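Below is one structure, written out as structure tokens, with a few remarks after it.
The values are calculated or read from the model by the stated rules, or taken from the named source; none is laboratory data. Just so we're clear, the structure is a prediction, and the values are computed from it rather than from any experiment. Because the Cβ atoms are built from the backbone with ideal geometry, glycine has one as well, and the counts that use them run over all protein chains shown. To get the accessible areas, we keep the full protein, side chains included, count just its heavy atoms, and leave off ligands, DNA and RNA. Shrake-Rupley method; radii C 1.70, N 1.55, O 1.52, S 1.80 Å.
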Amino acid sequence: MTDLLTRIEDQPPEVLDVIARSMSIRAAEPAMQSICARYMREIGVQDAHVLEVGCGNGAVTQLIMQHLRPTRLLGIDPSSLFIKMANETFNGEPRASFERGDAASTGQPDASFDIVIAHTVYSHLLDPKGALAEAWRVLKPGGQLVVFDGDFATLGVALFDGDPLQSAVAAVLRNMVHAPYIMRRLPVLAAAAGFCVQSLDPHGYVQTTHPDYLLTLLSRGTSAAGRAGEIGQALVDGYEREAQRRVANGTFYGSMLFLSLTARKIDDAP
Ligand SMILES: C[S@@+](CC[C@H](N)C(=O)[O-])C[C@H]1O[C@@H](n2cnc3c(N)ncnc32)[C@H](O)[C@@H]1O
């Protein structure tokens, strides 16, 4: 297991900067914005107190503020640098605050939030059961859990059988995604944590002409494979050049399924 995001506080500032840039690029993409609008629109709670788990640099917090219009949002993340970035971005926004915290130990009081939301976080968690138990604890009765993530096992860039660029995806999964199948297992895990699961919705994501996020993902995964000594720099550069060649000649293709789960805390005891 080498997912950088599971050991975020061990990463040097230059790696964190690249990850933060990638979060901002993805949140700004029209394709991701329309997926967020679709799944966040389903979460209809007025005057909500929201806990955003794994908020990163606050890139998706902007979209949560826009669609959920919470009275109060607290974002938590284990990375002090990301928390600093989020605090700077939301300086002057009295409804939003950010502090260090872990999905499995948020430090928040029992039954204090209407919504707990985690956007592309569960695939990086070492302890998803602990995170679900903690979400259940801090939610008010009737409160809603919303988990959105990539079904990373579906990530594909191949144009033909045996396409060598697809092996860059394997480097991404090895180095950037601890739990590529987590969203497939989440309904059962959420039910076991005491939640009443309401929906698991699919969101197709396809990029051809403007694959900026996918390019950063491939590049971060292959660079991490290079740093780990799995492959040499020549191959890291080769993946980058091949991906860029396909973008330049209009043949690049990348796709992934994202899934959003919504679940409710119905009872007082799990
Ligand atoms: C792919 S980023 C997503 C950030 C943000 N939600 C977004 O979509 O832009 C995953 C985030 O999960 C955070 N993370 C990793 N392990 C975590 C944990 N145990 N508890 C909470 N957050 C965690 C990372 O620091 C990182 O900010």
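At 1.4 Å probe size, with every protein chain present, just tell me what the per residue accessible area of region 52-204 comes to in Å². Please list the in-between numbers first.
On the way: 5950 Å² over 153 residues.
In whole numbers, region 52-204 has 39 Å² accessible per residue.
Can you list the aspartates and glutamates whose alpha carbon sits under 15 Å from that of residue 265, skipping same-chain ones fewer than 8 residues off?
Filter leaves 110, 114, 134.
Please figure out what share of the DSSP beta bridges in the chain is antiparallel and state it in percent, rounded to the nearest 5.
50
Across region 179-187, in residue order, what do the Karplus-derived ³J(HN,Hα) couplings come to in whole Hz, using 6.51 cos²θ - 1.76 cosθ + 1.60 with θ = phi - 60° and x for Gly and Pro?
10, x, 9, 4, 5, 6, 9, 5, x
Using only Cα atoms, what is the ratio of the radius of gyration of region 197-270 to 2.2 N^0.38 Å?
Relative to the rule-of-thumb radius for its length, region 197-270 sits at 1.64.
In nm, to one decimal, how far is the modelled label at residue 41 from the one at residue 251, with both set 7 Å along Cα→Cβ?
Reported label-point gap for residue 41 and residue 251 is 3.8 nm.
Looking at region 13-113, what % of its DSSP beta bridges pair antiparallel, to the nearest 5?
10
Please name which of 179, 115, 96 has its Cα lying farthest along the dipole of the chain towards the positive end, using unit charges on Cβ (Lys, Arg +1; Asp, Glu -1) and the Cα centre as origin.
115
Given N residues in the chain, what is Rg(Cα) / (2.2 N^0.38 Å)?
1.00
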